[in-house]
Amino acid sequence: MRKVLALLSVAVIGAAADAQTLSLTSPIDGDFVGTSTTFRLRVTGASQQVRVTVKIEKNPGGNPSTTLPVVQIEPNAEGNGEGSAIWTPGTSFPEGLYDVTITATHGGVPMTPITLQVNLDTVKPEIIDFSPSNNSFVNANPVTITAVIQELNLEEWRVTVNDEDIPNNTGNTNVLSVIWDPSLIEQDGEQTIKITAKDLAGNQQTKEIKVFLDRVSPELLVLFPRPNQGVVPNGLLGVSFDVIDSRSDSVDVGAIVVELRTMGGQFIKRVSRISYSERNDTTSRWTGIVNVTLPPGVTEFKLVISAVDKAGNPAIPQEVPLIVGRGRASSGGGGIFNGGGIFN
């Protein structure tokens with residue numbers, strides 16, 4: 001009888017020993033890992049401390065390799081416990097496949113080891129060739145947001161505007177194209193577009209693009225010359241006007257056209273710019289000069305000013321009728337360029 005009881009006792013102890021298991025919850029075999037990887041370990045059925053060792057070797061060849069610090073897992077009353085080992089590979093570890101071997105002992109007795117392979121990727125995705133450009137201007141028309149993402153192991157990209165999602169703003173292709181409708185935004189001003197790309201290893205890169213929403217056309221306020229002002233044939237005529245818009249720099253001076261035309265609209269000549277300078281936060285002043293050389297027989301003509309801001313909003317063109325001679329509204333002094341270079 002005693003012999004039978006002894007045999008049963010040995011069987012129970014053996015069964016308890018066989019119930020001790022070590023498992024790895026993450027990463028799993030074949031996962032991509034990045035600059036910091038946590039190996040999450042779990043033991044069950046343990047009656048005493050479990051010591052776990054994680055060894056990582058480059059495949060093929062086993063070089064370079066590293067062994068992480070020993071993890072000590074203390075089981076609870078139910079025999080369960082958890083622990084973790086963290087791998088932070090530096091630049092000496094090339095990207096690619098690595099073999100991972102996890103061994104453990106329970107009271108000095110080896111447990112069944114765990115083996116797996118992981119793919120090391122430590123380089124963040126690169127976002128290039130993006131549009132619109134930083135510090136550009138947009139209007140009420142739909143904006144196409146585009147970018148190229150350089151990443152072999154791309155998991156996902158996401159596009160937001162002012163940290164909010166827009167329609168169809170996610171994907172996993174290396175070329176993205178998303179339509180943003182700015183007409184729904186209440187107020188003009190600076191808007192922030194963010195493009196975030198994440199690879200399978202968890203490496204993430206974000207490109208932040210600042211754009212200025214401007215849905216208001218600029219205003220042209222003509223200072224000189226005055227309507228129906230008389231001008232001297234072959235004399236110098238000074239021109240000055242203010243450009244008023246959402247910002248003083250929102251109109252490119254190259255998009256301002258100042259011309260002399262006949263009353264029927266026939267082009268005569270361009271007015272040469274002397275300066276374009278900021279007056280305040282919303283206003284810049286354009287000044288120029290032109291030699292009034294007119295076609296034969298032309299005694300009445302007009303100054304025509306047009307402009308388009310950087311967002312593509314056109315100003316209402318301004319036309320100032322002018323007369324050769326004394327004029328009906330002025331003695332001819334206002335707006336004439338004096339020899340000293342001063343506008344009256």
Go through the stretch 102-117 and count every residue that is open to solvent by 50 Å² or more (accessible area, probe 1.4 Å), in contact (Cβ under 8 Å) with a residue 40 or more places away in the chain and assigned to a strand (DSSP E or B). 3
Within the stretch 279-334, which residues are open to solvent by 50 Å² or more (accessible area, probe 1.4 Å), at pLDDT 95 or above and either more than 18 Å from Leu260 (Cα to Cα) or in contact with a helix residue (DSSP H, G or I) (Cβ under 9 Å, 6 or more places away or on another chain) (or both)? Arg279, Asn280, Asp281, Thr282, Arg285, Val308, Lys310, Pro314
Number of positions in the stretch 39-74 that are part of a strand (DSSP E or B), open to solvent by 30 Å² or more (accessible area, probe 1.4 Å) and not charged (D, E, K, R): 6
When you check Thr192 against the structure, is it among the β-branched types (Val, Ile, Thr), within 30 Å of Leu120 (Cβ to Cβ) and either within 10 Å of the chain's Cα centre (by Cα) or not in a strand (DSSP E or B) (or both), yes or no? no
Quickly run through the stretch 39-95 and pick out the residues that are without any contact (Cβ under 8 Å) to a residue 40 or more places away in the chain and among the acidic types (Asp, Glu). Glu74, Glu78, Glu95
Could you list all residues from the stretch 118-144 that are more than 18 Å from Arg247 (Cα to Cα), open to solvent by 20 Å² or more (accessible area, probe 1.4 Å) and in a strand (DSSP E or B)? Asn119, Glu126, Ile128, Asp129, Phe130, Ser131, Thr144
On the given criteria, is Val148 surrounded by fewer than 18 Cβ atoms within 10 Å (Cβ to Cβ), in contact with a Leu (Cβ under 9 Å, 6 or more places away or on another chain), modelled with pLDDT of 95 or more and among the β-branched types (Val, Ile, Thr)? yes
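The values are calculated or read from the model by the stated rules, or taken from the named source; none is laboratory data. This structure is a prediction, so every number in the text was calculated from the model and none was measured. Positions of Cβ are backbone-derived with ideal geometry, glycine not excepted, and every protein chain shown enters the neighbour counts. For the accessible areas, the whole protein counts, side chains as well, though only heavy atoms, and no ligand, DNA or RNA atoms are used. Shrake-Rupley method; radii C 1.70, N 1.55, O 1.52, S 1.80 Å.
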